[in-house]
Amino acid sequence: MSDFDGNPTTKSVVTDKEAGKTTSDVESEPLLRPLWVAKLIVKCPCILCLVLLLILLGCAYVDSLSFELSQQSNRAFFPERNEYVEIYDAWVLALGQQDEAPNSTAAVPQSESIGFFTWMLMFEVDNYDGIINDDTDYWVLTPDNIMTIIKWENVIYNDPEWRSNFCVVSDQTGTNVTQTYTCDNGVAYTSIARDLYDYYNGDFNGITTQDIKDRVTEMLDLDGDINFSVIGAFNPELLEYGQTYLYRAFYQSGLPFPTKAYNATINFNGIMKEVLIKESEYKNGQDNFDEQEREFNKWAVTKW
């Protein structure tokens, strides 16, 4: 059948499903298709996690090449606007601005003793129950206990690095030339147990605890005065009850730490002698204190 102008007519059949669609629905159909990332998450979650982990590790590696923790100073823990802290700051500032002339602020290596760089070894009797009076009878430095204490003290005393780099030396001249750098100088350590050990030549055969008590009593008398270096090694009740349940030994380290050591031949009043010379990049114990502290800790943490 033809219409009035002779063109054939056509009929289109539209289903209910297609009739319900709008132009915007048709255009959004491609957007509703699942993306490849979504397919990957559903099908291979482990691979995706691995890829993300590798990316994070790569970022961490890149950061590690350029990121560096700032050096932490003890000053960071001091309270601000404090009178004593301000005095300390002024002292540090003055120290840094001192004349750089030779020996203006220089100290002989290992000649300055600072309390922080001190090993304290403490020993206590097993049967101490917190009570001390006239009815108790405590004494920590028995012959057997002294041998045990010396064994532990020798971990530091016989350590080659402590003896060569860290023990405090007695500076009587202020020059490197006549410095002996010995640790057996009465300054590097305070150890009543070692004094007793040396007094009896390390042999306690036939020596009783009472003999040791008598010897310590003699050591307490310093030309008619009390020897406080002896009292400081024991509990405070020593003078009152004559009993000791606590013993302490102190091993001092000296600053500035040496950074170079060598032997040299020196003319002493016409006599040529070979002596040990030590030099330090640090002018004194306060110069680059944090760096010297790290050097000490690097050695100290290996002892126990």
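Values in this text are rule-based calculations from the coordinates and carry no lab data. Everything quoted here is computed from the prediction, not taken from an experiment. A quick note on method: Cβ atoms are made from the backbone with ideal geometry, for glycine too, and the neighbour counts reach across all protein chains shown.
Some values worked out for this structure:
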item: Sorted peptide list for 292-302, 275-285, criterion being average Cβ within 10 angstrom, highest first; result: 275-285, 292-302
item: Nearest-0.05 FRET efficiency for Glu281 and Ile131, computed from C-beta distance (R0 51 Å); result: 0.45
item: Region 133-249: C-alpha pair distances exceeding 18 Å, %; result: 57 percent
item: Kirkwood estimate for region 220-291, i.e. one over the average of 1/r between Cα atoms, Å; result: 16.8 Å
item: Net lengthening on full extension, Asn288/Lys303 (0.36 nm per residue, minus Cα-Cα); result: 3.0 nm
item: Whole-Å semi-axes of region 176-304's equivalent ellipsoid (Cα gyration tensor); result: 37, 21, 14
